[in-house]
1. Give me the net charge of GLY204's neighbourhood, meaning all other residues with Cβ under 15 Å from the Cβ of GLY204; Lys, Arg count +1, Asp, Glu -1.
2. If packing is taken as the mean number of other Cβ atoms within 10 Å per residue, what is the order of 32-38, 21-27, highest first?
3. Could you order peptides 194-205, 139-150 by the average number of other Cβ atoms within 10 Å of their residues, highest first?
4. Between ARG216 and ARG52, what is the spin-label point distance in nm, taking each point 7 Å from the Cα along the Cα→C-beta axis?
5. On a 18 Å Cα-Cα criterion, which of the cross-link pairs LYS74/LYS240; LYS20/LYS224; LYS73/LYS240; LYS74/LYS189 come out too long?
6. Would you tally the net charge around GLN159, using a Cβ to Cβ cut-off of less than 12 Å, leaving GLN159 out, and scoring K and R as +1, D and E as -1?
7. Taking the Cα centre of region 88-242 as origin and charging only Cβ (+1 Lys, Arg; -1 Asp, Glu), how large is the dipole, in debye to the nearest 20?
8. Pull out the extension gain between ARG70 and GLU85, defined as 0.36 nm times the separation in residues minus the alpha carbon to alpha carbon distance; nm, one decimal.
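A short reminder: the numbers here are calculations on the coordinates, not readings from a lab. As the structure is a computational prediction, the values presented were derived from the model and not from experiment. Here Cβ is always computed from backbone atoms with ideal geometry, including for glycine, and neighbour counts include all displayed protein chains.
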Amino acid sequence: MRFSKKLLSAIRSFTNRRLKVLAYHGVTSSAPSLYNVSTGQFREQMSVLKERNYRVLPLCEAVERLYSNRLDKKSIVLTFDDANESIIDNAVPCLLELGFPASVFVPTGRVGANDVSWRKDKKNNTLDWDRLASLPNRGIDIHSHSVSHVDLTALDSRQLEYELRHSLETLRGRFGDSDYYLSYPFGRKNQNVASMARTVGYKGAFGFGAVLSNWRQTNPYQLKRETILATTTIGQFKRKIDTSYDLIRCLRVHPAQELKRLVERITSKLGGE
């Protein structure tokens, strides 16, 4: 009996105290496209978080709690890439109603631009600086998505430094000298990109990944997010936010590595038995 309890505790230790970060792009009141969920989908998903007692945290607080081992169970962060103008009209009212904070990753050189050719969905203009400035007072903080939203891994060192440093300096000039995080455009990064993000002064950086929650040993410049698309069903959403599914997903993607890690944790928990 004691063995079973310790085994269960070891398995739970793999999934508890992990931080889920969700990545949205747009929230549309018209027909949804792949990267733009409908307002109905978004409201239903936020209602699930509320009904299941998830603790929706501001990004900076959540990451600080993660690395200081003070993260509560069922902690989650909401993020939006690209500063899509639909966010204010279609996402913010729901967030305010439920009392949920969120973060917007802004490509600073695209702010206020009418050119949508760089967007994956080729829709929706980017918020202008006045509208972005209204967000922090509503519990939505601002972070960087580079200057131009280009593939950072394809740039030389001078171009890379410009994309990251200039974006960070722009945000500091407009929103104050606080901690800022980077969202890698397209989720693409390599060692040079991550190193430059650290060098110019970002607190951490987010991409995507196959193991989609973060724990204390996650590199702060390789933080992971779950992408939420218009094709994400409510059942899939419920699984995406549940860290208990992480073990299954880890074993599917990295079976040998993750099984070894799990065995080491079980051995540690069962020490002396």
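1. +3
2. 21-27, 32-38
3. Final packing ranking: 139-150, 194-205.
4. 2.5 nm
5. LYS74/LYS189
6. With Lys, Arg at +1 and Asp, Glu at -1, the neighbours total -2.
7. Roughly 460 debye for region 88-242.
8. 2.0 nm
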